[in-house]
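Here is the structure we will look at.
The values are calculated or read from the model by the stated rules, or taken from the named source; none is laboratory data. Bear in mind the structure is a predicted one, so any value in this text is a computation, not a measurement. As a convention, Cβ positions derive from the backbone with ideal geometry for all residues, glycine included, and neighbour counts pool all protein chains shown. Please note that ligands, DNA and RNA were not included when accessible areas were found on the heavy atoms of the full protein model with its side chains. Shrake-Rupley method; radii C 1.70, N 1.55, O 1.52, S 1.80 Å.
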Amino acid sequence: MCLSTVYKNEKNDDNILCRYVASIQADGDQLTFVDVLGTVTTITGRLVSADLTAGTVVVDAQ
């Protein structure tokens, strides 16, 4: 199972939005992340990059 950490604007420990993300959904400028325990985090922004092998997702959050 590949789980990811979502970062705001750049990969930096101070910019973590959520951890252990198992699912990502995009609806326009709304991004919804669901972690392995079912916690839902929704932000307004856009996907910048996703390295699923490394478990890293970077978003431009507003």
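Taking the numbered list (1) in a strand (DSSP E or B); (2) open to solvent by less than 60 Å² (accessible area, probe 1.4 Å) in turn, TYR20 passes all entries but (2). Does VAL40 fit the bill of being among the aliphatic types (A, V, I, L, M) and surrounded by 16 or more Cβ atoms within 10 Å (Cβ to Cβ)? Here the answer is no, as VAL40 does not meet what is asked. In the range 10-44, the qualifying residues are those that are of a type in the set (Val, Ile, Thr) and touching a residue at least 24 places away in the same chain (Cβ under 8 Å), and the one that is nearest to THR56 (Cα to Cα) is VAL21. The residues listed here are ALA50, ALA61; of these, the one that is surrounded by 14 or more Cβ atoms within 10 Å (Cβ to Cβ) and at pLDDT below 95 is ALA61. Here ASN12 meets the list (1) open to solvent by less than 70 Å² (accessible area, probe 1.4 Å); (2) in contact with a helix residue (DSSP H, G or I) (Cβ under 6 Å, 6 or more places away or on another chain) almost entirely, failing just condition (2).
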